[in-house]
Each structure stands twice: as structure tokens, then as C-alpha cells.
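What follows is a short report on a single structure.
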Amino acid sequence: MKYLFGPVNSRRLGLSQGIDLLTTKTCTLDCIYCEVGRTVIHSCERREYTPTADIIAEINELLANENEAKPIDVCTITATGEPTLHSGLGRIIRHIKAKIGKPVAILTNGTLMHRPDVQEELMAADIVIPSLDAARAESFRRINRPAHCVDLDRIISGTEQFCQNFSGQVWLEVLLCKEINDSAQDIDALAQAVQRIKPDRVQLNTVVRPPLETFAEALSEQELQRIASQLTGNVEIIASFAKRERSHLRTPEQTEILEMLQRRPCPSADIAEALNYDINDIKPFMVDLHQQGLVISHSHQGKTYYQLPIPPDTEGAAQVKDCPCSSPKK
């Protein structure tokens with residue numbers, strides 16, 4: 001399928017059916033740590049980047065194939081970029097709620113949370129996971145590289161307002177990079193923002209998978225624990241991929257592995273964990289896919305990561321700035 005992937009074992013959400021609203025990297029940010037790659041369309045413009053009807057058709061196709069459907073805990077709406085840019089978001093959430101009857105989670109960078117239309121559409125979800133990597137403008141620009149239309153104060157105030165009105169859960173994710181957004185001033189500003197927003201959870205993360213920029217470096221577990229102790233509320237560290245008690249291990253399937261790698265690069269262990277494969281089966285399977293040229297590999301922090309081959313016409317391509325609000329790289 002083009003828009004649906006999984007279900008995968010999510011470290012936060014259980015067995016999650018993924019729905020990807022965008023197929024080209026379209027985002028309000030161009031984060032230095034992004035595992036998806038460089039932003040192609042750098043914009044705050046909400047529109048129907050991919051056909052809403054096609055996404056809904058895939059959801060219906062999944063439901064129609066009852067023999068192939070797997071039990072899930074949650075439907076997770078994400079995107080190759082920022083899902084709230086898609087103007088069909090509200091319709092898609094409502095369709096999932098009506099047809100699947102499972103909780104809906106949204107992964108968002110939070111940059112459009114101040115918009116009344118976005119807030120209204122997100123109200124239909126059960127779990128909203130916005131990001132706030134920095135609460136100081138300088139650090140925000142360094143780590144997230146926003147389009148000109150993005151305003152940090154509006155992000156914080158919009159997320160605060162949404163939390164006050166939302167009946168579901170809000171989990172605020174903070175990703176920290178060494179010597180980018182982890183200074184004492186940064187953590188103090190972040191603590192003040194968390195006190196304003198009052199999310200149900202604060203989830204601390206750091207660079208785990210290969211980042212877009214090589215200078216995006218991870219914090220240690222001890223450093224994350226120290227920062228967690230300075231924040232109020234329910235704070236947890238999610239940087240480590242938690243191991244789940246697994247049973248009924250499955251045989252590797254080429255199609256779902258390639259669908260997963262279309263979203264992000266992964267090592268064999270993460271593929272096995274996410275798709276409930278035996279690690280002893282997946283390792284030779286990935287070697288075979290590599291020999292066939294269906295995947296490529298590279299090393300990061302001592303691990304071998306697999307990803308789909310980069311098309312020759314897009315490798316090293318410059319960022320497309322088709323929106324007047326796009327910002328140059330810094």
C-alpha cells in the first residue's frame with residue numbers, strides 16, 4: 001500500500017497501524033536530526049498534498065481484507081513531513097474512528113497548533129504527540145530550521161491552548177542534541193514552557209537513528225536523566241527502544257519490510273522488533289534484499305542501517321522552495 005504501513009510494534013503506542021499522509025518530504029521544519037531526509041517542500045500552507053479519497057480507499061481496503069487484517073492497539077497518523085499540513089486530516093481521523101473503532105494518535109511537530117482549524121480537527125483524535133525541541137528562539141532555529149512562517153511563541157501558546165480544551169492525552173516530545181539545545185538556559189526555558197503547556201506526559205528523546213546532519217549528536221542516558229529531573233510533571237525517557245515480550249513470531253515479508261524502510265532507515269533488530277520477526281530470520285533476509293539491490297546499507301554508531309535506494313534524479317537534489325514562506329538553510 002502507498003499510505004498504510006504496518007502494523008508495527010511501537011515503543012510508545014503498542015501495536016500500531018501507520019497511516020502516512022504525505023509521500024514527499026513536506027514540512028514546516030527541516031530538523032537537523034530528521035531520519036526521513038531533507039525537506040523538499042518547506043511550507044506552512046495547508047492543502048491536499050495527497051488525495052484524501054485515496055487514503056480513505058486504502059483504509060477501506062484494509063478493512064475489506066479481514067483475513068489479512070491484524071489486531072491493533074491504535075491507528076497512528078504520521079507523515080513524510082508534517083501531517084497537519086494535509087487539509088484532509090480531520091476527514092481521515094473521523095473515518096478511522098467510525099470504521100476501525102480504535103484510538104487514533106497523531107504525531108505532529110506542533111508548528112500549526114495555534115490554528116483554529118488544526119485544533120478543531122485534532123480534537124477528534126485520542127492522543128496527540130506534538131514536539132517542542134526548544135523554547136528559546138536561537139536554539140529552535142538551530143535544531144529545527146523552521147520556515148519563515150513558523151513562530152515559536154505561537155507554537156507554545158497554541159499547544160497550551162489545545163491542552164486546555166482537549167479531552168484526550170497530550171504527550172509532549174522533546175528531542176535533544178548535544179550542544180545544540182541542551183544548555184542550562186535551554187532547559188530552564190523548556191521547563192517554563194512545560195509548566196505553561198501542562199501536557200499529560202513529557203517524553204525526552206535524543207538522536208538514535210542516522211540524522212540528516214552529522215553534527216546532530218546524541219545525549220547520554222545520564223544526561224537525559226539529569227534534564228528529566230529539572231522538568232515538572234510526568235517525565236519519561238523514550239530514547240531507548242524498549243524490548244517487548246513477544247510471541248507468535250512471524251516469517252519476514254518483503255513487502256512490509258520495504259514499506260517500513262520507505263518511512264525511515266532501520267537496523268535488522270528494529271525491523272524484527274517492529275514487525276515481530278525472529279532476529280535470526282531477519283538478518284539473512286536483509287542480506288538477501290541487499291544483494292538483490294532492493295535496499296542499501298550504511299553504518300551509524302556501530303549499527304548497520306538499511307534503507308531504500310535513493311533515486312538517481314533526487315540524490316543530492318537541492319531543496320524545493322515552492323512556497324514564499326520557505327526559509328533558506330542556515
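The values are calculated or read from the model by the stated rules, or taken from the named source; none is laboratory data. Remember, it's a predicted structure, so these values are computed and weren't measured experimentally. Ideal geometry is used to build each Cβ from the backbone, glycine not excepted, and the neighbour counts take in all protein chains shown.
In the stretch 287-315, the residues that are closer than 21 Å to T23 by Cα and at pLDDT below 85 form no Cβ pair under 7 Å with any partner that is of a type in the set (V, I, T) and surrounded by 15 or more Cβ atoms within 10 Å (Cβ to Cβ), whether six or more places apart or across chains.
What residue, of E221, E173, is under 23 Å from L13 (Cβ atoms), among the acidic types (D, E), in contact (Cβ under 8 Å) with a residue 12 or more places away in the chain and buried (at least 21 other Cβ atoms within 10 Å of the Cβ)?
It is E173.
The set of residues in the stretch 234-263 being closer than 19 Å to L224 by Cα and modelled with pLDDT under 80 consists of S240, F241, A242. On the basis of being within 30 Å of P7 (Cα to Cα) and surrounded by 15 or more Cβ atoms within 10 Å (Cβ to Cβ), does D200 make the cut? Yes. Of all residues in the stretch 250-258, one or more are of a type outside the set (A, V, I, L, M), surrounded by fewer than 17 Cβ atoms within 10 Å (Cβ to Cβ) and more than 25 Å from A105 (Cβ to Cβ). Per the conditions (1) touching a helix residue (DSSP H, G or I) at 6+ places or on another chain (Cβ under 8 Å); (2) closer than 22 Å to I127 by Cβ, the sole criterion not satisfied by I72 is (1). Comparison of V174, V118, V128, V170 shows that the only residue that is within 24 Å of L89 (Cα to Cα), touching a Pro at 6+ places or on another chain (Cβ under 8 Å) and β-branched (V, I, T) is V170. Might you let me know whether the stretch 26-40 holds any residue that is among the basic types (K, R) and modelled with pLDDT under 95? Taking every residue of the stretch 26-40 in turn, at least one turns out to be among the basic types (K, R) and modelled with pLDDT under 95.
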